[in-house]
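Everything below concerns the one structure shown next.
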Amino acid sequence: MTQPPSVRYVAALPAWMRRLDLPLLTAALSLSLLGVALIWSASGSSALLSDAARQLLSLAVAIALGLLLLRAEPRALRAWAIPVYLGCLTLMLGTFSPMGVSVSGARAWLALPGGFTVQPSEFAKLGLILILATTLSGSLVTGQAAGVRKAAGAVGWAAPYILLVLAQRDTGTAMIMTAITISCVVISGVGLRVVLAGLLTAVALVALAVAAGGLADYQVQRFLAFVDPYADPYGYGHNTIQAQLAIGSGGWFGDGLGAGNQTQGGFVPVNESDFIFTVVAEELGLVGGLAVIALLAVIVWRGLRIALAARDLFGRLVATGVVAWFSFQAFENLGMALGIMPVTGVTLPFVSYGGSSLIAAWLGIALLQLVHRSGSDWTRRPVRDRPLSRSGGELT
Amino acid sequence: MTAISTRRLLVFSIVLVGMALALVGRLVQLQVVGGGDYAMAARSNHLQVVDIAAPRGLILDRDGRPLVANSTGLAVVVDRSVVKPDDTDLLRSLGRVLELDPETVSARLIPCGAPKAAPPPHCHAGDPYAPATILAGLSHDRVQPIVERAEDFPGVSVEPDSERAYPAPVRLSHVLGYLGQPDQEDLDSGRPADVLVGRAGLEQRYDRVLSGAPGRKEIRVDASGQVEQEQLIEAAVPGSDLLTSLSTKVQRTAERKLREHAAMVASTGADPRGSVVVLDVESGGVVAMASYPDYDPTIWTSGISQEDYRHLSESGALLNTAVQGGFAPGSTFKPFTALAMAQQGADFTDTYSCPAQYATAGRVFRNHGDEAYGRISLARAIEVSCNTAFYRAADRMWRQTGGDRIGAGEIDPVAEVAQSAGFGSPTGVDLAGEASGAVASPKAKYDLWEQRKEAWCRAADDGYPVLRETDPARARYFTEVDRANCDEGQYWRQGDALNAAVGQGLTLVTPLQLAVAYAALANDGQVREPRIVTGIRGDDGSVIPIDSVRRADLIGTGSQRRYLRAAMRRVTTSGTAAAAFTGFPLGSYPIAGKTGSAQVDGVADTSWFASFGPAQKPRFAVVAMMSEAGAGGVVAAEIVRAVWDTLRRAPQEQR
């Protein structure tokens, strides 16, 4: 009996590639290529192809680095957690050195020789996920670790990152890192009371910081503009208003790629990056917008599936971290374009212009694939450390 | 791994599904439900309909030379969506280039009526969404720094801007008028926000004719405001030109003489107002109309400063004395009294007694300087401006018409002729805001009493307590006058009739009214509405003529007017104005006229001279007036003489 062509094709692949999650890969690749097209449209005739071409180059590098990461032994990831964490920490500190570069108010970039810049906080998300998974899966906390100690450890590792990106005036990334941390702590199975206590403490700390005047003026203004963009239509409310005009004028099918008046007239600021969704929505309409959301949903769905099927808690937490990262960042990015979230400078994973963002996202895909490969096929043999009790209650 | 972890992962999945649904829901809401509105709003973002300015029509003198033209200046315009009133650095450097302080620049950005707006004209008038003009009427050199360093002035642009220019060597301030920013009323009536509106004089009266109609075009812009494409919707209709009967030469003389004499009068500590009006007797066209004080019309072109405006309105320079000032006409009124006398049966060929004084009803009425001439002809009485002859005649007429029993609603013969001559109502000249003046009559006196009696009675009861402290005699006099007015101010007394006969008392005329009446005397007795604009010339060169309207009223008969004309000729040769006309070729170019020295309480007489000429076939009527200037035979007659010198020398077609 001959095998179907696809199976034969898969069989021809090297062993490490054979067990890839293909829907995940396809969705990420589709989004990345769509992003290149949108960047080409958003940058208009002025920049010729250069922005889109640079993005295409970044995509090639991103996939290459992803493939390189795939060659790693899943176990090695634990060993890398601390070096990667410290490496990213050093790079982020470097942004405060003379090598640091500010873009639209956020000092989150490092200048590299040859005119390239790199945004360490993008890679720090990977470092954060690794250190969280390692800490929360118990490998760094010896003995019979209580949930409190694990959670405290996780927060202890996450705090320097979050404070650093806040110092870079990058509120969006701080929010996403917080979301990743909370997600990983919750999914690690730490007791609900610990989680709630931790959350309350965090809220209290934030409230205290705000009360002590820790909220910068731009943060207040952006929040006020979120509540009512028309209060300052030419200032902080401008982006939101123009974005909504662009999205709203797209209709069902859009004006066609390269034909959106808002996009081509340059009315929406940074629409090759933070506001790239406005380009899809205006030029490709509701159909295009839904397609982007659907592709992102495929990535999140495959990521969740991988997390569920993971062989061990470490793998599950790595997958959870990556899923939380992609989903919260995408939600924040799309939400601000749609006017249901305050404006913060975060990119739309895979789609927005920016090499660091794209490469980090693809390394995130690689992490998911690694977890996927190390876990056995969960549809046939669900992986559980311990059998679930019939009541579904926790067995310790 | 624990079951609780797996369960939480499932709950987490549900949360993520919820987030995805929120995004999809919002996307559908924006794109499908509200899509039309957003598309429309986005359209107005990049497609703008803008007005195309229509060039404003010119105002030309009788020879077709421009009195008001358009010149192209440069305006510094600020896009208010880019530049905010608190952009201090930019505003400061803009202020440095334009030589304005930053507060003034900043004030120009705030729409009038906004909470923190400066008062007009400093705030941004007109459409709150339109760019704000910081300063207009600028030369190339002034704006050079902005053009050269455009990158230092984001949102600031330099645009060509049409403004009014005044090439003729005359001011004509009140006649031409000026342009101002449209106010709320103009905008409500559909005027475009960026087109100036005529605010006074011909600019106001003929605003619709001069302004034409702006066109419209649709422009496509990108976010930086760069125009990508333009499409004409409607072409602009240029404004039409006004052809006028004004003579630059005559106007120039009138203004110069007014200024000279006003300066002399002012040097005595007085605060004179003056006016010269020259009419074409035949057509009713206004050849010259000057008023003092006046102002330089260019003061409005690049936006008048608050201080200048205050100065203008406080000094009264905005008032067009020729049509808005009311003055007692004095003896220039006597020809009309004479016509009333004739109507009442007096014979012009009789002799009239001209004693130094005329006593009646317990009062003594005097001649100027108490001079006595004995029995003289009426012509002589006009020539030497004998009051007593007219007093006696007025007294007789007053008795004939009923004396004290004359009804309160009636008018007497003198008032009747005065009204036929056009006094007491606007002449109908094509200028806005013309005053009516007043004609003394039993009715006028009664109306005044009705209006004022309460105040008079109250003042008489109070007895001027404050004034009594310092000047008891004067307070007593005032109290007596007020008491008399309170008790019997409604009656038309002998004294009222006598005063009215020599142009004193309640009668007030504008210089233009007197000129119109004298033009009627000079011509066929028919009163014409004076006209400044003789025709409207369209863009295609076609002219719509505007004719002067004749009123039905005739003053006097042909022989009466002939008699008066002959009498008034003697005023310039041997009468009260002879000195002023010394050296004037009266033989070949005879001038008929009448002086007036109207008494005003507390200040020197109002000096009048009203004339027409050449007397054998009058072409022009010339009237001059200056308040606080003394006898009419001096200041006013000298001004009029200078105007006649110009009229006489000017070639026929240029008069």
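Of the listed requirements (1) surrounded by fewer than 20 Cβ atoms within 10 Å (Cβ to Cβ); (2) of a type in the set (D, E); (3) in contact with a helix residue (DSSP H, G or I) (Cβ under 7 Å, 6 or more places away or on another chain), B:E454 misses just one: (3).
When we screen B:D86, B:D51 for residues that are within 14 Å of chain A (Cβ to nearest Cβ), outside any helix (DSSP H, G or I), over 30 Å from the mean Cα position of the chain (by Cα) and at pLDDT below 80, the only hit is B:D86. The residues listed here are B:D540, B:D462, B:D471; of these, the one that is without any contact (Cβ under 8 Å) to a residue 24 or more places away in the chain, closer than 30 Å to B:G201 by Cβ, out of contact with any strand residue (DSSP E or B) (no Cβ under 7 Å at 6 or more places or on another chain) and among the acidic types (D, E) is B:D540.
Count, please, the residues in segment B:612-636 that happen to be under 24 Å from the mean Cα position of the chain (by Cα) and within 15 Å of B:A579 (Cα to Cα). Write out each step before concluding.
Residues of segment B:612-636 under 24 Å from the mean Cα position of the chain (by Cα): B:620-629, B:635-636.
Going one step further and asking which of them are within 15 Å of B:A579 (Cα to Cα), we end up with B:635-636.
Here the count works out to 2.
Residues are listed down the side, and each one gets a yes or a no for (1) within 20 Å of B:L67 (Cβ to Cβ); (2) in a helix (DSSP H, G or I); (3) without any contact (Cβ under 8 Å) to a residue 60 or more places away in the chain:
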| residue | (1), (2), (3) |
| --- | --- |
| B:V286 | yes, no, no |
| B:A290 | yes, no, no |
| B:Y295 | yes, no, no |
| B:T298 | yes, yes, no |
| B:D308 | no, yes, yes |
| B:L318 | yes, no, no |
| B:A322 | yes, yes, no |
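Select from segment B:263-284 the residues that are part of a strand (DSSP E or B) and not hydroxyl-bearing (S, T, Y) and write down the one among them that is farthest from B:G64 (Cα to Cα).
The first filter runs over segment B:263-284 and keeps only residues part of a strand (DSSP E or B), leaving B:274-280.
Subset that is not hydroxyl-bearing (S, T, Y): B:274, B:276-280.
Details: B:G274: 28, B:V276: 22, B:V277: 20, B:V278: 18, B:L279: 18, B:D280: 17 Å.
Per the stated criteria, the residue is B:G274.
So, B:A418, is that one out of contact with any Leu (no Cβ under 8 Å at 6 or more places or on another chain) and buried (at least 20 other Cβ atoms within 10 Å of the Cβ) or not? Spelling it out, B:A418 is indeed out of contact with any Leu (no Cβ under 8 Å at 6 or more places or on another chain) and buried (at least 20 other Cβ atoms within 10 Å of the Cβ). Has segment A:337-346 got any residue that is modelled with pLDDT of 90 or more and among the aliphatic types (A, V, I, L, M)? Checking segment A:337-346: not a single residue is modelled with pLDDT of 90 or more and among the aliphatic types (A, V, I, L, M).
Taken over segment B:426-440, the criterion of being buried (at least 16 other Cβ atoms within 10 Å of the Cβ) and either in a helix (DSSP H, G or I) or on the phi > 0 side of the Ramachandran plot (or both) is satisfied by B:G428, B:G437.
Only a single item in (1) more than 14 Å from every other protein chain (Cβ to nearest Cβ); (2) more than 23 Å from the chain's Cα centre (by Cα); (3) not aliphatic (A, V, I, L, M) is not met by B:R205, and it is number (2). B:A254 - would you say it is under 23 Å from B:T321 (Cα atoms), of a type outside the set (S, T, N, Q) and at pLDDT 80 or above? Against the criterion (under 23 Å from B:T321 (Cα atoms), of a type outside the set (S, T, N, Q) and at pLDDT 80 or above), B:A254 qualifies. Beta carbons closer than 6 Å, at least 6 apart along the sequence or on distinct chains, never pair a first residue in segment B:7-31 that is within 7 Å of chain A (Cβ to nearest Cβ) and over 22 Å from A:T278 (Cα atoms) with a second that is outside any helix (DSSP H, G or I) and of a type in the set (F, W, Y). Looking at segment B:553-655, the strands (runs of 3 or more DSSP E) lying wholly inside it that each contain 2 or more residues that are over 22 Å from B:P530 (Cα atoms) and in contact with a strand residue (DSSP E or B) (Cβ under 7 Å, 6 or more places away or on another chain) sit at B:592-600, B:603-613. For segment A:176-220, which residues satisfy the criterion of being under 15 Å from B:F12 (Cβ atoms), crowded, with 21+ Cβ neighbours inside 10 Å and at pLDDT 85 or above? Correct list: A:I180, A:T181, A:S183, A:C184, A:V185, A:V186, A:I187, A:S188.
The values are calculated or read from the model by the stated rules, or taken from the named source; none is laboratory data. This is a predicted model, so every value here is computed, not measured. Backbone-built Cβ (ideal geometry, glycine too); neighbour counts: all protein chains shown.
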